[in-house]
Amino acid sequence: MLGGLVAALLTPPATLEQVQAPANSDAEVSELEYTVFSAYITEAFTGAKGENRTGSRVSSIVIVNKTRSDMDESHMEDDQDKPISWKKASKYLRKEVPTLRQETIERLREVGTQSAPFRTSFQLPIPYQLVDAKEIDEIFKNEGWWTDYYKKYPGTQGILVLSRIGCSTDAKQALFYAVNSCGGKCGTETYVVMQRSDSGWKLLKEILIGVS
């Protein structure tokens, strides 16, 4: 599907802590990244769009408290189930979004493997929580399931995992990797392209590489 790209989505995310790369003590999520992330989450997961996406009203957001590399797993494969090269993957991304700059893609590769902790610096219209991967893993141990998760985190969009952001040199375009696991058809694995205009950051496209 999607031109031969196949992805495995975390359903359920029973090994979230295992796939989380060790944090780099020198890495820090920038204020620009928080601005881009906040614009994306607001547009994609809140209000009418969030309700359409999840099938119910989203009153809270759950975000894993460290960034995760998109390269932690070989999630991109060809028709023979073999991992594809990043060069081939980047061509696919630019095919999906012709205005996506090569420099933006290359910047993601420079910073994307870093893992950095999040601070409570998101600016969202609804409450949010930063949750440790170990805490989520505990829910799914011993045959725990999504019903158990939503008992603990009611009204949420699921579990959102974000990578660091690759940004163009003029700070007008951004690219990052995002996985939202939800236990239903709302689960997605995407590369997110954001564009900045005079009115702020807007979601240009979510390039879908996996669905639940």
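The values are calculated or read from the model by the stated rules, or taken from the named source; none is laboratory data. Here the structure is a predicted model, which is why all the values come from computation and not from measurement. Don't worry about glycine lacking a Cβ; one is built from the backbone with ideal geometry, like all the others, and counts go over all protein chains shown.
Values for this structure:
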{"item": "Boolean, Arg119 is in a loop (DSSP other than H, G, I, E, B), surrounded by fewer than 17 Cβ atoms within 10 Å (Cβ to Cβ) and at pLDDT 95 or above", "result": "yes"}
{"item": "Pairs where the first residue, in the range 56-75, is over 15 Å from Ala133 (Cα atoms) and small (Gly, Ala, Ser) and the second is at pLDDT 85 or above and buried (at least 21 other Cβ atoms within 10 Å of the Cβ), C-beta under 6 Å, 6+ apart", "result": "Ser60/Thr156"}
{"item": "Filter pass, Ile136 being in contact with a strand residue (DSSP E or B) (Cβ under 7 Å, 6 or more places away or on another chain), β-branched (Val, Ile, Thr) and modelled with pLDDT of 95 or more", "result": "no"}
{"item": "Extreme residue, surrounded by the most Cβ atoms within 10 Å (Cβ to Cβ), among residues of the range 124-136 that are over 17 Å from the mean Cα position of the chain (by Cα) and in contact (Cβ under 8 Å) with a residue 40 or more places away in the chain", "result": "Ile126"}
{"item": "Selection from the range 133-180 of residues that are touching an Asp or Glu at 6+ places or on another chain (Cβ under 9 Å) and among the polar types (S, T, N, Q)", "result": "Ser163, Ser168, Thr169, Gln173, Asn180"}
{"item": "Lone unmet requirement of (1) in contact with a Phe, Trp or Tyr (Cβ under 8 Å, 6 or more places away or on another chain); (2) over 24 Å from Ser60 (Cα atoms) for Arg94", "result": "(1)"}
{"item": "Tyr149 being of a type in the set (Ser, Thr, Tyr), surrounded by 18 or more Cβ atoms within 10 Å (Cβ to Cβ) and in contact with a helix residue (DSSP H, G or I) (Cβ under 6 Å, 6 or more places away or on another chain)", "result": "yes"}
{"item": "Candidates Leu124, Leu100, Leu108 - the one that is outside any loop (DSSP other than H, G, I, E, B) and either farther than 14 Å from Phe37 by Cβ or not β-branched (Val, Ile, Thr) (or both)", "result": "Leu108"}
